[in-house]
1. For segment 32-64, which positions are more than 23 Å from Glu107 (Cα to Cα) and in a loop (DSSP other than H, G, I, E, B)?
2. Using the structure shown, decide if Pro29 is part of a loop (DSSP other than H, G, I, E, B) and of a type outside the set (Val, Ile, Thr).
3. For the list (1) modelled with pLDDT under 95; (2) open to solvent by 20 Å² or more (accessible area, probe 1.4 Å), I need the number of the one condition that Ala28 fails.
4. Against the definition (closer than 19 Å to Arg141 by Cβ, in a loop (DSSP other than H, G, I, E, B) and either at pLDDT 95 or above or open to solvent by less than 40 Å² (accessible area, probe 1.4 Å) (or both)), how does Gln9 come out, yes or no?
5. Keeping to segment 41-80, report how many residues are crowded, with 17+ Cβ neighbours inside 10 Å, more than 14 Å from Thr7 (Cα to Cα) and either among the charged types (D, E, K, R) or touching a residue at least 60 places away in the same chain (Cβ under 8 Å) (or both).
6. Going residue by residue through segment 8-25, is there one that turns out to be among the hydrophobic types (A, V, I, L, M, F, W, C), free of Cβ contacts under 8 Å to residues at least 24 places away in the same chain and over 27 Å from Arg66 (Cα atoms)?
7. Tell me which residues, restricted to segment 31-40, are open to solvent by 40 Å² or more (accessible area, probe 1.4 Å) and in contact (Cβ under 8 Å) with a residue 60 or more places away in the chain.
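The values are calculated or read from the model by the stated rules, or taken from the named source; none is laboratory data. All values reported here derive from a predicted model rather than from experimental measurement. Neighbour counts run over all protein chains shown; Cβ positions are idealised from the backbone, glycine included. Side chains are part of the model used for accessible areas, which takes the heavy atoms of the whole protein and leaves out ligands, DNA and RNA. Shrake-Rupley method; radii C 1.70, N 1.55, O 1.52, S 1.80 Å.
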Amino acid sequence: MNARSRTNQLLYQAELLAIIPAGEDEHAPARQMALEESALALFELALESLLREVTEHARLPEHRWRVLLSQQGPALAELQRLRDLNAQPESWLNWLTGQLERLHSDEGAARRTTHNPAMIKVDSQASLPQQLLDNLQAAKREIAALRETSLEW
């Protein structure tokens, strides 16, 4: 399998995990958190696979996203494009790197939901699975454009 195929596979698998229903038994909240964090972990693997894919020509010894997307990372056009994207607060990459920081923290990225019928929901933020799906779709669009640009070189 080449890097492009692996990136696609990981994005697809992350998407599958994001749409799996957790069920309605006593383990559903824990299962939902496990699915969310698993999907994020696969999204992280897809990001690193993408970085390997778009920097293949540079034969870099390192492919961790924290290294390649840092301002001190290698000076490659593809990486700079991703760094610029990461700097945009509304971008999928900015969302993903923020979620990955939470995932690797002691608290984790998934949050236990409480279903108290007496409480009124005041935030309009989408659930983590919906955010995952939205950002996976945005990532796929950006990756397609990045690949197209890479082919032109």
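1. Matches in segment 32-64: Thr55, Arg59, Leu60, Pro61, Glu62, His63.
2. No, not satisfied.
3. Here Ala28 clears every test but (2).
4. no
5. Selection size over segment 41-80: 1.
6. Checked segment 8-25: at least one residue is among the hydrophobic types (A, V, I, L, M, F, W, C), free of Cβ contacts under 8 Å to residues at least 24 places away in the same chain and over 27 Å from Arg66 (Cα atoms).
7. Gln32, Met33, Ala34, Glu37
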